[in-house]
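Heads up: the structure comes next, in structure tokens.
The values are calculated or read from the model by the stated rules, or taken from the named source; none is laboratory data. Everything numeric in this text was worked out from a predicted model, so none of it was measured. In this analysis, Cβ positions are derived from the backbone assuming ideal geometry, glycine residues included, and neighbour counts consider all displayed protein chains.
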Amino acid sequence: METVEALAASFTGLAVVMRGAAETSGSWDADPLRRRAEIALETLAAVARAEAKMAALKVQAAVEYADSSQAMAGPATSPED
């Protein structure tokens, strides 16, 4: 669950970056190309963090599946049993 919460926080962070891109004004208005470049970098960084957390969630799910399927299969039996 911790990974899911971290992932949700990443998407919230990405939304903040995107929302900020739409609302930013002031000193950035003097250099709109720099503003666009900074927003693009912030967005890429936020997406990279979210992707890393998605990868962690995939690993966690794969481990959970492996553990569950092994438990369902039961102990291995030999022909002598």
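Filter the range 18-38 for residues that are surrounded by 10 or more Cβ atoms within 10 Å (Cβ to Cβ) and either polar (S, T, N, Q) or modelled with pLDDT under 65 (or both) and give the result. Walk me through it before giving the result.
From the range 18-38, those surrounded by 10 or more Cβ atoms within 10 Å (Cβ to Cβ) are 18-21, 24, 28, 31, 34-38; that's our starting set.
Those that are surrounded by 10 or more Cβ atoms within 10 Å (Cβ to Cβ) and either polar (S, T, N, Q) or modelled with pLDDT under 65 (or both): Thr24, Trp28.
What pairs come out if I take residues in the range 48-67 that are closer than 16 Å to Ala9 by Cβ and pair them with residues that are surrounded by 11 or more Cβ atoms within 10 Å (Cβ to Cβ) and of a type in the set (A, V, I, L, M, F, W, C) whose C-beta lies under 7 Å away, six or more apart or interchain?
Listed by first residue and then by second, the contacts come to Ala50/Leu7; Ala50/Phe11; Ala50/Leu14; Lys53/Ala6; Lys53/Leu7; Met54/Leu7; Leu57/Val4; Leu57/Leu7.
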